[in-house]
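Structure first, commentary second.
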Amino acid sequence: MEEAGRIPATQARGRKRREALLAAARQLLAEKESSQITLADMAAHAAVPKSSAYHFYTDALGLYAELVAILDSELQQLIQQPLPPVHDWEEAMSVIIDRAASFFEDNPAAQQLMLSSQTPPQIKRFSRSADMETSRLIEALLESRFVLPDIPNRGRIFFHAVEAADLMFGLSLFQSGILQAEMVEEAKRMSCAYLALYLPRYLPVRA
């Protein structure tokens, strides 16, 4: 019985240490470039033994991969909240992009791991895959309010619209280090202009 009780305690300690390492990564990414942070740095910041950190992750990239998955999930939860009253799909997209901008403004770690030109390629690929799920959520959110036309590759079109907005966000960070309000508006224009190639200006509203 004593041995059985020790296993859950060990698991709980391991879970707390992983959470501490992820929290440390968030804090350090608000202060330094991702390439300047080692797994040992995160372990020291989290007051976690370095040996434990290397037990969980091979290197900093392994931790970043887990963190970006968490950040993508947080962004998706925010985006898929029910829409307020809107007149058309462009206004709906404006609300969605504002939500995304608010998330990135509040999360420097997300800026670095999901938008920065310095993001390691393997982490960027992981985030791009998550963008596909984000685009499906946006498509479903619009479809809950409007009758979308049945067009070929509609999912791909929404994915490209998300990438267009991400591009403007990333350019803003590259040029000024912050997410500028005018670049958020550019993200809306670019994303909506692309979608307008496929969606009519006015769509039937669902009852």
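The values are calculated or read from the model by the stated rules, or taken from the named source; none is laboratory data. Nothing here was measured: the structure is a model prediction, and the numbers come from that model. Quick reminder, even Gly has a Cβ in these numbers, built from the backbone with ideal geometry, and neighbours come from all protein chains shown.
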> Which of the residues belonging to the range 44-66 are crowded, with 20+ Cβ neighbours inside 10 Å, out of contact with any Ser or Thr (no Cβ under 9 Å at 6 or more places or on another chain) and within 15 Å of residue 113 (Cα to Cα)?
Replying inline: 63
> So which of 177, 170, 155 is on the phi > 0 side of the Ramachandran plot and out of contact with any strand residue (DSSP E or B) (no Cβ under 8 Å at 6 or more places or on another chain)?
Replying inline: 177
> Of 80, 122, 112, which residue is surrounded by fewer than 14 Cβ atoms within 10 Å (Cβ to Cβ) and modelled with pLDDT under 95?
Replying inline: 122
>> Give all pairs with beta carbons closer than 9 Å in which a residue from the range 158-177 that is over 18 Å from residue 92 (Cα atoms) meets a residue that is surrounded by 23 or more Cβ atoms within 10 Å (Cβ to Cβ) and of a type in the set (Ser, Thr, Tyr); count only pairs at least 6 apart in sequence or on separate chains.
In response: 168/191
>> Would you confirm whether or not the range 140-158 contains a residue that is assigned to a helix (DSSP H, G or I), outside the structural domain of residue 26 (by TED's automatic domain parsing), among the hydroxyl-bearing types (Ser, Thr, Tyr) and surrounded by fewer than 18 Cβ atoms within 10 Å (Cβ to Cβ)?
In response: yes
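Would it be correct to say that residue 197 is modelled with pLDDT of 95 or more, closer than 23 Å to residue 36 by Cβ, more than 12 Å from the chain's Cα centre (by Cα) and surrounded by fewer than 17 Cβ atoms within 10 Å (Cβ to Cβ)? Before the answer, list the steps.
Values: modelled with pLDDT of 95 or more: yes; closer than 23 Å to residue 36 by Cβ: no; more than 12 Å from the chain's Cα centre (by Cα): yes; surrounded by fewer than 17 Cβ atoms within 10 Å (Cβ to Cβ): yes.
It is false that residue 197 is modelled with pLDDT of 95 or more, closer than 23 Å to residue 36 by Cβ, more than 12 Å from the chain's Cα centre (by Cα) and surrounded by fewer than 17 Cβ atoms within 10 Å (Cβ to Cβ).
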> Name the pairs: first residue in the range 14-29 and among the hydroxyl-bearing types (Ser, Thr, Tyr), second residue modelled with pLDDT under 95, Cβ to Cβ under 6 Å, at least 6 apart or on different chains?
Replying inline: none
> Which condition number does residue 69 fail, the rest of (1) under 30 Å from residue 148 (Cα atoms); (2) in a helix (DSSP H, G or I); (3) of a type in the set (A, V, I, L, M, F, W, C); (4) touching a Lys or Arg at 6+ places or on another chain (Cβ under 8 Å) being met?
Replying inline: (4)
>> For the range 127-139: of the residues being under 21 Å from residue 171 (Cβ atoms) and under 12 Å from the mean Cα position of the chain (by Cα), which is surrounded by the fewest Cβ atoms within 10 Å (Cβ to Cβ)?
In response: 128
> What residue, among those in the range 172-194 that are in a helix (DSSP H, G or I) and under 16 Å from the mean Cα position of the chain (by Cα), is surrounded by the most Cβ atoms within 10 Å (Cβ to Cβ)?
Replying inline: 187
